[in-house]
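Enquirer: I have a structure here, written as structure tokens, and I will follow up with some questions on it.
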């Protein structure tokens, strides 16, 4: 089967939607399907390229809101690429997220070529730039664009139950959940192959514990509250490792010290190596769809601490699985950090095992792939 995935952003640009698109495409290819990803180009990459067996088409785009909202340019190169894509034949179209102009292009493409399609929702809140007037204008724009998208495609799914509830805000009924997932076998293989000890490299004493954040260094991830809380508490024998890049990278560097390690952007293998030596994982986000980072940390047997966002309660069912923060204020994060030394070892071990087992039985790409292919078969038969 020939499948097109429209995703406004794709690797090597980092993010949850990018990872979802990549892993889904790789799984489909492994099962014998042909997959093309149609996306935007923010990094000067080749317009057409083979990316790990995935044929990728990239439209030149404006870098709007620090790369968070790419908008394709109107130029000759893009017009030529559009004609090339229009000549391609596909059996099915998947559109990842519904609030990009690129999403509208995807559903229009499917409608014009009479190809069945689905839209997969990844969000749980409006895109925010933390300026009230601009956020109000942005929300109105998002509603208008979503209205146009749902006129062209009536099949919507979500990456978590909370994402499905968020679709109701736009008067859209999610027909089910296609969970974000994790390549558990790949992660466990990386851990087995790991050679260099991360703690040794960072000069962290073996007996000390590590709490890790992986993700984009942007305001909505709560990174500044985390750094301020850790610096205020500065727990003994606990080190904070921050892996990622973003517009707050220079601001975050001001917190670097003996117990706070800013590692920049890491490869996937390096992230897994870090998580495999971490004792805790923290995600203090304002909003999430369904965090890939939490799943990766859970497979690496980290104790999960997260704000109450997205699909986190579908992984951390109660306090025997991990810790859910009431919000991501500095004070609440500080209280959670201060409580870690009082966590009993038996409760810690039980939590990481319960979480790992839940992820392996509910949130793998094998499970998500089978659900998606069942939907595709039903729509194309």
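The values are calculated or read from the model by the stated rules, or taken from the named source; none is laboratory data. Everything numeric here is computed off the predicted structure, so don't read it as measured data. Please note: Cβ atoms are built from the backbone with ideal geometry, for glycine as well, and neighbour counts cover all protein chains shown.
Enquirer: Those residues that are free of Cβ contacts under 8 Å to residues at least 60 places away in the same chain and either more than 19 Å from residue 271 (Cβ to Cβ) or more than 22 Å from the chain's Cα centre (by Cα) (or both), I need them from the stretch 244-261; list them, please.
Expert: The answer is 250, 251, 253, 254, 255, 256, 257, 258, 259, 260, 261.
Enquirer: Before we move on, is residue 276 out of contact with any strand residue (DSSP E or B) (no Cβ under 7 Å at 6 or more places or on another chain), within 27 Å of residue 157 (Cα to Cα), surrounded by fewer than 23 Cβ atoms within 10 Å (Cβ to Cβ) and assigned by TED's automatic domain parsing to the domain that holds residue 356?
Expert: Criteria not met by residue 276.
Enquirer: Give the residue that is farthest from residue 23 (Cα to Cα), with candidates limited to residues of the stretch 310-325 that are part of a loop (DSSP other than H, G, I, E, B) and in contact with a strand residue (DSSP E or B) (Cβ under 8 Å, 6 or more places away or on another chain).
Expert: Looking at residues that are part of a loop (DSSP other than H, G, I, E, B) and in contact with a strand residue (DSSP E or B) (Cβ under 8 Å, 6 or more places away or on another chain), I get 321.
Enquirer: Determine, yes or no, whether residue 149 is closer than 17 Å to residue 314 by Cβ and buried (at least 16 other Cβ atoms within 10 Å of the Cβ).
Expert: Details: closer than 17 Å to residue 314 by Cβ: no; buried (at least 16 other Cβ atoms within 10 Å of the Cβ): yes.
For residue 149, the condition - closer than 17 Å to residue 314 by Cβ and buried (at least 16 other Cβ atoms within 10 Å of the Cβ) - is not met.
Enquirer: Which pairs turn up if I take residues in the stretch 76-98 that are more than 18 Å from residue 10 (Cα to Cα) and look for partners that are loosely packed, with under 12 Cβ neighbours inside 10 Å with beta carbon separation below 7 Å, at least 6 apart in sequence or on another chain?
Expert: 91/380; 92/380
Enquirer: Looking for something assigned to a loop (DSSP other than H, G, I, E, B) and in contact (Cβ under 8 Å) with a residue 24 or more places away in the chain - is there at least one such residue anywhere in the stretch 329-337?
Expert: Quick first cut of the stretch 329-337, residues assigned to a loop (DSSP other than H, G, I, E, B) only: 329.
Now restrict to residues that are in contact (Cβ under 8 Å) with a residue 24 or more places away in the chain: 329.
The answer is yes, given that some residue of the stretch 329-337 is assigned to a loop (DSSP other than H, G, I, E, B) and in contact (Cβ under 8 Å) with a residue 24 or more places away in the chain.
Enquirer: Quick one: which of 43, 32 is at positive phi and without any contact (Cβ under 8 Å) to a residue 40 or more places away in the chain?
Expert: Just a single option satisfies the conditions, and that option is 32.
Enquirer: Since residue 369 meets every condition but one in (1) part of a helix (DSSP H, G or I); (2) in the same structural domain as residue 208 (by TED's automatic domain parsing); (3) buried (at least 17 other Cβ atoms within 10 Å of the Cβ), which condition does it not meet?
Expert: Against the list (1) part of a helix (DSSP H, G or I); (2) in the same structural domain as residue 208 (by TED's automatic domain parsing); (3) buried (at least 17 other Cβ atoms within 10 Å of the Cβ), residue 369 comes up short only on (2).
Enquirer: Based on what the data block shows, is residue 257 closer than 19 Å to residue 328 by Cα and either outside any helix (DSSP H, G or I) or not assigned by TED's automatic domain parsing to the domain that holds residue 344 (or both)?
Expert: Values: closer than 19 Å to residue 328 by Cα: no; either outside any helix (DSSP H, G or I) or not assigned by TED's automatic domain parsing to the domain that holds residue 344 (or both): yes.
It is false that residue 257 is closer than 19 Å to residue 328 by Cα and either outside any helix (DSSP H, G or I) or not assigned by TED's automatic domain parsing to the domain that holds residue 344 (or both).
Enquirer: Sticking with this one: Got at least one residue in the stretch 75-85 being touching a helix residue (DSSP H, G or I) at 6+ places or on another chain (Cβ under 6 Å) and not assigned by TED's automatic domain parsing to the domain that holds residue 221?
Expert: So far as the stretch 75-85 goes, no, none of its residues is touching a helix residue (DSSP H, G or I) at 6+ places or on another chain (Cβ under 6 Å) and not assigned by TED's automatic domain parsing to the domain that holds residue 221.
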